[in-house]
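Trainee: Sharing a structure, written as structure tokens. Questions coming.
Bear in mind these aren't lab numbers, they're just calculated from the coordinates by the rules spelled out. Quick caveat: nothing in here was measured; it's all calculated off a predicted structure. Glycine also receives a Cβ, built like all others from the backbone with ideal geometry; neighbour counts cover every protein chain displayed.
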Number of protein chains: 2
Amino acid sequence: MPEVNCPKCSSKMRVDWRRNNTLTHFFYSCPSCELESQIEVEDFLEKKIQEILGIKSEKLEESIKKGNTKFFISMGIPTLLFKKETGELESGTVIYLSDEIEVIRGFPKIRRTLLLGPSLKNHFQDLIAVEEKMNGYNVRIASINCSDICQDISKNPESNSKGFDEANEDIKHNKIVALTRGGYICPFTTKKAQELMNLDDFFADNPELIICGEMVGTDNPYVSQYYPEVGKLAFRVFDIRHKLSNEPLSIDAKRKLLKQYNLPAVRLFGVFSADDAQEKILELIKEIGLEHREGVVMKHPSMEIPPLKYTSSQAHDREIKYAFNFPFDFGRAFFFSRVVREGFQAYEMEDSPEELQKRAQRLGESIIYPMMDIIKQINDGEPAVEDTTINVDSKKEAEEFVRHLHDLGVSAMLIEYKDGNAIIRRIYNATNDKIKNYLNGGLY
Amino acid sequence: MPEVNCPKCSSKMRVDWRRNNTLTHFFYSCPSCELESQIEVEDFLEKKIQEILGIKSEKLEESIKKGNTKFFISMGIPTLLFKKETGELESGTVIYLSDEIEVIRGFPKIRRTLLLGPSLKNHFQDLIAVEEKMNGYNVRIASINCSDICQDISKNPESNSKGFDEANEDIKHNKIVALTRGGYICPFTTKKAQELMNLDDFFADNPELIICGEMVGTDNPYVSQYYPEVGKLAFRVFDIRHKLSNEPLSIDAKRKLLKQYNLPAVRLFGVFSADDAQEKILELIKEIGLEHREGVVMKHPSMEIPPLKYTSSQAHDREIKYAFNFPFDFGRAFFFSRVVREGFQAYEMEDSPEELQKRAQRLGESIIYPMMDIIKQINDGEPAVEDTTINVDSKKEAEEFVRHLHDLGVSAMLIEYKDGNAIIRRIYNATNDKIKNYLNGGLY
């Protein structure tokens, strides 16, 4: 933020967060003579951001015009979020506007291969490192600089949302935060990440790095899946990246660093030659599929080539089941892409006729059974909802998390809090409304 | 068309179809002094159409602006086609601009019930006539007035498309034509309809009526399905409607008229009370499903309430199989809606656990098997195409039909003509391109 002194009493002015600040216009008010002195600063941020990110002025302006950027205060920090890809910037990129402007780039989309054989040969050159793709939610953890200004703001009860994690503010002007995919700081994840891992040493030594990983386990408010080695909740790191450039460390450098700071990595299944990889990965996928595990991410050891992903039949099936439990919320797009994956996998795996039949039948069952169940359920007066239990320290903390879900556009509510366990309910409105309508004789 | 005399030589002028006429602007040229006299007539048609159809001027203008109307010559007749619903006018409505303006309304969309029980009670009052819904293509047959002007044009080799069915033009100024759903006159259907039925007497007595029905059978270039009672090709009438108003005759009046003129009707399964209908129709659907027949249309005997449709599990399955034979041409939307129908039918039919499992497994097989097959086929160098054989009198007639398919936006070609049999090939480009791309290692 540019420093501005009050033209009347010369005190240091503060950004007036009650007003509608934008990327190109800031309103300041004077804390000494109160509302009597207000000034507006234009273009400061736009110029600053262009300078730092090297993003073209037109692209930035277009993004602002289209509403693809969002400006808000998160945990006391003025934040600019890129909701959609803008020039080189991935969607989910955030810029924190403390005294120092800090950029945390969005996690890059990992492209999928439908047929391992030809894509691996096309895409990679020599070696392929195969890591496990776990089924949880994508998190970026970073240490961000927190200026006097934002501390002031975070103590101001007028501000939109406050960190419930006040303790962190003692770490002089540095804050460790955890962002979910879209670029919002998740208070739950921020707290849990620091309970699950000692991150202070890592970030004290490497403030310019970002830890990217998956939060997994059954007590996971976004994507709950049981992993025997995890149980309720754990974090697994898959990438370490540089803040501003988003450049990843090589596989070796990453693993060395994680070992040094005792941070948990996702499983590395091995490093295969491009020639062997298809066969090895198909075997692996069958094996981990039987354990109901998700899939793999294939990376060049140098990380200079973008990674690819590939998933198990059981994962497709589980997602199709989920989609058809809430068919009118998830059906169309969700569904087709997963069915296509199954088709290509069946082709490449050369299933025996019996295996192929089983795969096909299982797919049909994953569609019809959940759909039947949800129609029955809604007919019995029970709505389409999904409950998750999360472990929190207080009801306030649970409420904070629900507010965060609302920020993400998720329809959710806290339905119970007892002894540190909070039950969060998501409501699937499209499924409820449509099925009710058909049950009442509505036409398709 | 308004009559216009040449300002130079006073001869009767003709619309100049080589120029880009629109609903609001017509170009005339003089046949006597040739290109030397051209005039433009504005707004004539717009006013005339408003007068006849009672459609609001703004709606009509909007439809023209959006490109939802199309103006062309079809079988020698200047034609205005409503490609999309406009005010009260159904999509597929055509206006023939001979001396008399004739309106053939689009066939109204029949809404679908997902659950018979509640919808029948909601929708119908007392009695429900249940007719068979056959799997072919929707055809409207009408007799249209053909003025001197359009006969002149149809003989002009410059015009876009000529009827191959020249014989009809002898029936002084009246022409029987068959339109497919979108509102285009199909030369193949026009000819076959008259071979299959004696329509002259009916239309001589009832020029203001339209026969609506389904062309079915295996030698069907649009939708080929075997019906034992049909074989290669047959027509079944399901509605008789008034030209301008689109009002249908009652079930009784329709059947009486069809009997009188010896025209074939779709099967009437019976007329049930609203209370019995659900049970009767569910039984019926199971029964005809086992014969791989499509479904039923439920109508109020008076036809004063819009009909509803309901289809068999086997029909859904067949369509899903078809969709997954050309997954990237038909997948997404096509698929989801059929799967939803299966879910609701399973719910309402109260399948036993074994029946339910079979239904689910069959659905999965209908997805995976065709998808596997097409991937293999394309990998073997054989493209995704669909061949149909039609019976025609000449190669010229077959070519005419392919041109008609192109008008409909269908990618098709004549690949063989021999002894009255023409093989028409449709090419599924999206499926070919995408699967080839994935087989070559393209990413999803």
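Trainee: Averaging over every viewing direction, what projected area does the convex hull of the Cα atoms of chain B cover, in nm²?
Mentor: 24.8
Trainee: Evaluate peptide B:335-348: per residue, the Cβ atoms of other protein chains within 10 Å of its Cβ; return the mean as an integer.
Mentor: Averaged over the peptide's residues, the number is 6.
Trainee: In segment A:224-374, how many lysine pairs have Cα atoms under 17 Å apart, counting only pairs 8 or more places apart or on different chains?
Mentor: So the count of such lysine pairs works out to 9.
Trainee: Still on this model: Can you tell me what the convex hull of the Cα atoms of segment B:385-427 projects to on average, as an area in nm²?
Mentor: The Cα convex hull of segment B:385-427, projected and averaged over all directions, gives 2.5 nm².
Trainee: Could you work out the equivalent-ellipsoid semi-axes for the protein assembly as shown, taking the square root of 5 times each eigenvalue of the Cα gyration tensor, largest first, in whole Å?
Mentor: Semi-axes from the Cα gyration tensor: 61, 36, 28 Å.
Trainee: Take the rotation relating chain A to chain B, measure from its axis to every Cβ in chain A, and name the nearest residue with the distance in whole Å.
Mentor: Residue with the nearest Cβ, plus whole-Å distance, for chain A: A:G364, 1.
Trainee: List the GluC sites (Glu not before Pro) in segment A:333-390 that DSSP assigns to loop (not H, G, I, E or B) and whose Cβ has at most 14 other Cβ atoms within 10 Å. Which are they? Walk me through the numbers on the way to the answer.
Mentor: Numbers: sites: A:E342, A:E348, A:E350, A:E354, A:E355, A:E365, A:E386; in loops: A:E350.
Taking segment A:333-390 and a limit of 14 other Cβ atoms within 10 Å, the loop GluC sites (Glu not before Pro) found are A:E350.
Trainee: Further, regarding this structure: In straight Cα distance, which lysines are under 21 Å from B:K66, not counting same-chain residues fewer than 8 positions off?
Mentor: Correct list for B:K66: B:K47, B:K48, B:K56, B:K83, B:K84.
Trainee: I need to check one value: relative contact order of segment B:385-427, counting alpha carbon pairs closer than 8 Å and at least 6 residues apart, in percent. Don't skip to the end; give the middle numbers.
Mentor: Numbers: 66 pairs, mean separation 22.1, N = 43.
The value is 51 percent.
Trainee: Hey, can you rank B:176-187, B:111-122 by average C-beta count inside 10 Å, highest first?
Mentor: Ranked by mean Cβ neighbours within 10 Å, highest first: B:176-187, B:111-122.
Trainee: What is the spin-label model distance, in nm, from B:K396 to B:N421 if the labels are put 7 Å beyond Cα along the C-beta direction?
Mentor: 2.4
Trainee: What does the charge dipole of the protein assembly as shown about its Cα centre add up to, to the nearest 20 debye, if the Cβ of each Lys and Arg holds +1 and the Cβ of each Asp and Glu holds -1?
Mentor: Roughly 180 debye, rounded to the nearest 20.
Trainee: Continuing with the same structure: Could you compute the FRET efficiency for A:S250 and A:V410, with r as their C-beta to C-beta distance and R0 at 35 Å, rounded to 0.05?
Mentor: The pair A:S250/A:V410 has a calculated efficiency of 0.45.
Trainee: List, shortest first and in nm to one decimal, how far the label point of B:N379 (7 Å from Cα along Cα→Cβ) is from its counterparts in the other copies.
Mentor: 4.2
Trainee: Relative to the Cα centre, what is the charge dipole magnitude of segment B:385-427, using +1 at the beta carbon of each Lys and Arg, -1 at the beta carbon of each Asp and Glu, and rounding to the nearest 20 debye?
Mentor: With only Lys, Arg, Asp and Glu charged at Cβ, the dipole is about 100 debye.
Trainee: Which of A:K66, A:K321, A:K395 moves most in a GNM of chain A, Cα contacts under 10 Å?
Mentor: In this elastic network of chain A, the residue with the biggest mean-square fluctuation among A:K66, A:K321, A:K395 is A:K66.
Trainee: For an R0 of 25 angstrom, estimate the FRET efficiency from the Cβ-Cβ distance between B:E40 and B:N145 and round to the nearest 0.05.
Mentor: Step by step, r from the Cβ atoms, then E = 0.45.
Trainee: Just how far, in whole angstrom, is segment A:362-392 from segment A:280-359 if you go by their alpha carbon centroids?
Mentor: Between the Cα centres of segment A:280-359 and segment A:362-392 lies a distance of 22 Å.
Trainee: Pulled fully out, how much extra length does the chain show between A:K48 and A:S273, if you take 0.36 nm times their separation in residues and subtract their Cα-Cα distance?
Mentor: That pair, A:K48 and A:S273, stretches by 76.5 nm at full extension.
Trainee: May I ask for the Rg/Rh ratio of segment A:286-333, computed from Cα atoms with Rh as the Kirkwood radius, given to two decimals?
Mentor: Numbers: Rg = 14.3 Å, Rh = 12.4 Å.
Dividing the radius of gyration by the Kirkwood radius yields 1.15.
Trainee: As I understand it, the dipole of segment B:338-400 uses +1 on the Cβ of Lys and Arg and -1 on the Cβ of Asp and Glu, about the Cα centre. Which of B:P383, B:Y347, B:S366 lies farthest toward its positive end?
Mentor: Projecting each Cα onto the dipole axis, the largest value belongs to B:Y347.
Trainee: How high is the FRET efficiency between A:E195 and A:E88 when r is their beta carbon distance and R₀ equals 41 Å, given to the nearest 0.05?
Mentor: It comes to 0.75.
Trainee: Oh, and also: What nm distances, shortest first, do you get from the label point of A:K280 to those in the other copies when the point sits 7 angstrom along Cα to Cβ?
Mentor: 6.8
Trainee: Taking 0.36 nm per residue of separation and subtracting the Cα-Cα distance, what length does fully extending B:N174 through B:R111 add?
Mentor: Between B:N174 and B:R111, full extension yields 19.3 nm more.
Trainee: Further question on the same structure: Which residue fluctuates most in the GNM of chain A (Cα springs below 10 Å): A:E208, A:E131, A:E304?
Mentor: In this elastic network of chain A, the residue with the biggest mean-square fluctuation among A:E208, A:E131, A:E304 is A:E304.
Trainee: Working out 0.36 nm times the residue gap between B:H25 and B:E355, then minus their Cα-Cα distance, what length gain in nm do you get to one decimal?
Mentor: Contour length minus the Cα-Cα distance gives 112.6 nm.
Trainee: Also, quick follow-up: For label points placed 7 Å from Cα toward Cβ, what is the shortest-first list of nm distances from A:C33 to its copies?
Mentor: Between copies, matching label points for A:C33 lie 8.5 nm apart.
Trainee: Among B:H292, B:H316, A:H404, what is the fewest-to-most ranking by other Cβ atoms within 10 Å? Present the calculation step by step, with values, prior to reporting the outcome.
Mentor: Working: B:H292 15, B:H316 25, A:H404 22.
So the ranking, lowest neighbour count to highest, is B:H292, A:H404, B:H316.
Trainee: Next question. Each label point is 7 Å from the Cα along the Cα-to-Cβ direction; what then is the distance between the points at B:E62 and B:D387, in nm?
Mentor: 4.8
Trainee: Right, next: Can you pull the mean other chain C-beta count within 10 Å for peptide A:428-435?
Mentor: Taking all residues of A:428-435 together, the mean is 1.
Trainee: Alpha carbon centre of segment A:178-252 versus segment A:51-77: separation in Å?
Mentor: Computed from Cα coordinates, the inter-centre distance equals 25 Å.
Trainee: Need one number: nm distance between label points at B:D380 and A:S302, each 7 Å from Cα along Cα→Cβ, rounded to one decimal.
Mentor: 4.2
Trainee: Going 7 Å from the Cα of B:D126 along its beta-carbon direction, which residues of segment B:248-283 have the amide nitrogen within less than 17 Å of the resulting point?
Mentor: B:250-253, B:271-277
Trainee: Turning to a different aspect of this structure: Give, rounded to the nearest 20 debye, the magnitude of the charge dipole that chain A has about its Cα centre when Lys and Arg contribute +1 at Cβ and Asp and Glu contribute -1 at Cβ.
Mentor: So the magnitude is around 680 debye.
Trainee: Further question: Pop out the Kirkwood hydrodynamic radius of segment A:278-409 from its pairwise C-alpha distances, inverse of mean 1/r, in Å to one decimal.
Mentor: Hydrodynamic radius (Kirkwood, Cα pairs) of segment A:278-409 is 17.6 Å.
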